[in-house]
Amino acid sequence: MNGCERMKAAMRGEPADYRPVMLHNFMCSVKEAGINFDEFRQDPKKAAEVFIRSTEKYDLDAVLIDFDTATLAEACGCTVVDAPDKASVVVKGVLDDITDVSCLK
């Protein structure tokens, strides 16, 4: 089986030759590529190279594309600070309590 077949089988709940592997490893991959996080976030070619290199190096079955975990929080209205040398950080949330979820953008 190839990675695509392995992933499809897993999603259908069918057996595969082995459990498919997909890593959430963008932070390590950026550092391994020798670029900074600003380059990764702002240059689609460099980002693609990072994911391709990681997929090939670790023989992954699928790619989890994540440019920064804080991106989702920012999309919901949180205040995020980007740094050139590390992943973004959420510095201010929008919820005081999980029951306030209806106020998200």
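The values are calculated or read from the model by the stated rules, or taken from the named source; none is laboratory data. Only a predicted model underlies this, so the values are computations on that prediction, with no experimental measurement involved. Reconstructed Cβ throughout: ideal geometry from the backbone, glycine too, with neighbour counts over all protein chains shown. Surface accessibility is based on the protein's heavy atoms, side chains included, excluding ligands, DNA and RNA. Shrake-Rupley method; radii C 1.70, N 1.55, O 1.52, S 1.80 Å.
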Discussion item. Using a 7 Å offset from the Cα along the Cα-to-Cβ direction at both Val81 and Ala9, what is the distance between the two label points in nm, to one decimal?
Written reply: 4.8
Worksheet item: Ordered by residue, what ³J(HN,Hα) values in Hz, to whole numbers, does region 33-40 give under the Karplus form 6.51 cos²θ - 1.76 cosθ + 1.60, where θ = phi - 60° and Gly and Pro are x?
Response: 6, x, 10, 9, 5, 4, 4, 4
Worksheet entry | Additional length obtainable on full extension of the chain from Leu104 to Lys57, 0.36 nm per residue less Cα span | 13.0 nm
Worksheet item: Extension gain Lys92-Thr69, at 0.36 nm per residue separation less the Cα-Cα distance, in nm?
Response: 6.8 nm
Practice prompt. Starting from the amide H of Gly77, placed 1.01 Å from N in the peptide plane, find each other amide H under 5 Å away whose residue is 5 or more places distant or on another chain.
Written response: none
Discussion item. Please list, ordered by chain and number, the residues whose modelled amide H lies under 5 Å from the amide H of Ser88; skip anything fewer than 5 residues away on the same chain.
Written reply: Ala70, Ala83
Worksheet item: Counting only heavy atoms of protein chains, what accessible area per residue, in Å², does the chain have with a probe of 1.4 Å?
Response: 69
Worksheet, complete the sentence: Within region 48-88, the residues whose backbone N lies under 12 Å from a label point placed 7 Å from the Cα of Lys31 along the Cα-to-Cβ direction are 86-87
Practice prompt. Could you please state how large a percent of the accessible area of the chain is carbon and sulfur, counting protein chains only and using a 1.4 Å probe?
Written response: 57
Worksheet item: Counting each DSSP H run of 4 or more residues in the chain as -39500 (n - 2.57), what helix-only mean residue ellipticity at 222 nm follows after dividing by all residues, to the nearest 500 deg cm²/dmol?
Response: -11500 deg cm²/dmol
Fill in: Listed residues Pro84, Pro15, Pro44, most fluctuating in the chain (Gaussian network, C-alpha, under 10 Å)
Pro15
Discussion item. Given region 35-82, report the % of alpha carbon pairs whose separation exceeds 14 Å.
Written reply: 57
